[in-house]
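Below: one structure, written as structure tokens.
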Amino acid sequence: MKSPLLTRISRTAGATAASIALAAALVAAVPSGRVAAQPATVSVSFDWTVPDRLGADGMIGVSLPITESAATMRVLNPEGTFGGGEAAGWPADFNACASQGFIVRYVWKVNGTLVSDSAACGPTRIVFPREGKYRVEITAVDTFGFSATSAQDVNIQDWLIIGLGDSYGSGEGNPNVPASLAGAAFDAANNLARVVQDVQAQVTATQASVDAAQQAVDEAIADVNAMQTTVGQFAATSQELLASQAVLAVATAELTASTAALSAAQAKVWFECAQWWDPAGCSAARSQLTLAHQRQGRALDTRATAATRRNNALNDAASKAASVGVATFEYALEVVTAGFNSRQETLELRRQNLSALTAQLQYAIMARDSHAGNLLAKTEGLATWQDTMVLGNGTRYSQCHQSKFAGQATAALTMEQDDPKTSVTFIHLACTGATIREGILGAYQGVTPAPAGIGPREPQIDVAKRISTGREVDALLTSIGGNDIGFAKIMEGCIVLEPCYAGNGTIVTDQMIKDTCFNVSSPGSLFDLSEASCILLMQSMRQNLPTGLPGWLNSNLAALPGLYGELKTATSTAWPGLPADRMFLTQYPIVTRNELNQLCGNSADSSRELPGISSNEYSWAETQAGQRLNQVIVGTGTSLGWTPVTGIDEAFRLHGYCSTATWIVRIKASFETQATYWGIAHPTKTGHEAYATHIAAALHNAFYQDGVTRVDGRQ
């Protein structure tokens, strides 16, 4: 008597009870399945495929987000019974249409048990209860009653692939459906953002006018000061002129007196010396004449000096008077002072206008940021992820940002599409922000704070164990370690510390943050608000940095092998028979170089750079964080018996953040596609395709031996 499962199989194939009985009688009458008289009239062969279980949008027949309902579990675990129904089993479609002869009946057996009798060559669907190897036999009967039989081993294999880990495993940065900006709330946000932009433009223009007025005032002050200096210099020159004239007058009077004395002395000499009998008188007169000559000489010198002094003072006074260009110094000073007062009044008016606009701008920014804060709390619902849930109040929320474009999911889809004789079950559990202890082994809150009523996410390993119960796990695809060493904090540190590798670098100022975030916004969309978000983000980075970044990184790297050991113990406990090499631990990409293999940090286009990170900081992050992390992945993973997935770092080498052919999500793209900054520095879809290439190659090596599908390990 046929089993209930085979009865259901026969009904699935469309066979009637009468045709099954007739086929059974025929096969019983011809045990060999052939008529000896003319064995060559019929030749039979068959091929087979299995239907795809994994599609581009996830597991076929499973509603998103995945819940462990009976309907879902029947798809994910077809060998189990859920909700009171029998096991779904593994369908395969057999085709014997390449057979030759006037065939009217195709009789199928599985392990010697009749499962189908049909007049159609195919496709004939047979459902198998478990994975493994089965002997499938077909007997083809032609119109003359002649028959032929063909049999082959059929390996029913569904690859159960479980994706674990962090944001590089979840597909962060690549939502299934990009953010939607529909809705009045977002229009209001745009309006507020545009108000800020308009007022900012007015403030900028007014500031320019204030600067111009200040320059005019400064020039007027300089004119007043110059005039005051000139007045002071002229006054001093005038005093010197008066003094020099007085000295000249005295010198002139002395010259006149000395000249008169000389004339008198000369006359006396003439008189005394005419008295030849009085030589003594003549001698005395001549002595007086000599003294008179000396006095006159001194007087001449003094007057000449006084005249030079007077002339110099006169020239200085004339020069100072000429430099004013007006009739009087007093009038010139009044003109200059009046100009200064007028400019000062203009400056004060413009300053008052600037003060009012600045206050208006601050109010507009507060309104915008307040609204932005409310919106940012709702941005989880803007993009759609595989794990997006809709809460009772209509709020949409994703705890993990799981994307169908993730390298893990793409690699699983590649395995599905490459081999028509195998299928794939892919369980997407990786979660943005996860670490080994908080995410894989322990509960995790999620990428952003959960709305009320949403508790922490279960440990990934617990969910994976529960869903896979009763099945053989073929691969654990795992991306983990980046958050354990604090890669995000390293990036943040290099943004807000200058330089981050110094241990005590200079922390960016508010003005530096404002300058950094100025070009982040995308005009005309909600993400005009991204400038405010960027500022809030950088301020948060600045407040939550670990002290001594290099030492902190070294400590985390030193602890990582021990954490991988904890993960090895947990997987061995969850799946005692799981070979260690079915843990596929993926490397992380190199994101620090451009298309010329040059370090980022020097691009002429600032949009191609992470703000605030210099080429020296890129170099430090590459060698001290990225390369060392990948070395630990390969070294520790190998020592634990795992399968490190290598080559990913080198594949990304020319496609870093600043490359013209980047495979990395930049700041603006993150805001535009998912309304948050979480996507920054993660692989793009193209990057995840490169990830998938290396993962799929590693899976193929493990799943196929010399090109032949590995038989289920339970058989």
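Inclusion of A409 among residues that are assigned to a helix (DSSP H, G or I) and modelled with pLDDT under 95 is not warranted. The residues in segment 648-663 that are under 9 Å from P589 (Cα atoms) and surrounded by fewer than 23 Cβ atoms within 10 Å (Cβ to Cβ) can be counted, and the count is 4. Taken over segment 577-617, the residue count meeting the criterion of being more than 21 Å from T686 (Cα to Cα), without any contact (Cβ under 8 Å) to a residue 60 or more places away in the chain and either touching a Gly at 6+ places or on another chain (Cβ under 7 Å) or acidic (D, E) (or both) is 2.
Grab the helices (runs of 4 or more DSSP H) fully contained in segment 606-715, keeping just those with 2 or more residues being more than 24 Å from the chain's Cα centre (by Cα). Step through it out loud before you land on a result.
Working: elements: 615-620, 628-639, 648-651, 667-674, 685-703.
Of the helices (runs of 4 or more DSSP H) lying wholly inside segment 606-715, those with at least 2 residues that are more than 24 Å from the chain's Cα centre (by Cα) span 628-639, 685-703.
Close contacts from segment 677-697, counting a first residue that is not assigned by TED's automatic domain parsing to the domain that holds T448 and among the β-branched types (V, I, T) and a second that is at pLDDT below 95 and buried (at least 24 other Cβ atoms within 10 Å of the Cβ), with Cβ to Cβ under 9 Å and a gap of 6+ residues or different chains, come to none at all.
Per-residue answers, yes or no, for (1) in contact (Cβ under 8 Å) with a residue 40 or more places away in the chain; (2) touching a helix residue (DSSP H, G or I) at 6+ places or on another chain (Cβ under 9 Å); (3) closer than 16 Å to H428 by Cα:
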residue: F46; (1), (2), (3): yes, no, no
residue: T67; (1), (2), (3): no, no, yes
residue: A71; (1), (2), (3): no, no, no
residue: G84; (1), (2), (3): no, yes, no
residue: A88; (1), (2), (3): no, yes, no
residue: P91; (1), (2), (3): yes, yes, no
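Taken as a whole, the structure leaves G679 outside the set of residues that are crowded, with 21+ Cβ neighbours inside 10 Å and at pLDDT 95 or above.
Of all residues in segment 117-131, those that are part of a loop (DSSP other than H, G, I, E, B) and under 19 Å from K421 (Cα atoms) total 6. None of G562, G601, G577 is assigned by TED's automatic domain parsing to the domain that holds I436, part of a loop (DSSP other than H, G, I, E, B), small (G, A, S) and more than 29 Å from the chain's Cα centre (by Cα) except G577.
The values are calculated or read from the model by the stated rules, or taken from the named source; none is laboratory data. Values in this document were obtained by computation on a predicted structure and should not be read as measured data. Backbone-built Cβ (ideal geometry, glycine too); neighbour counts: all protein chains shown.
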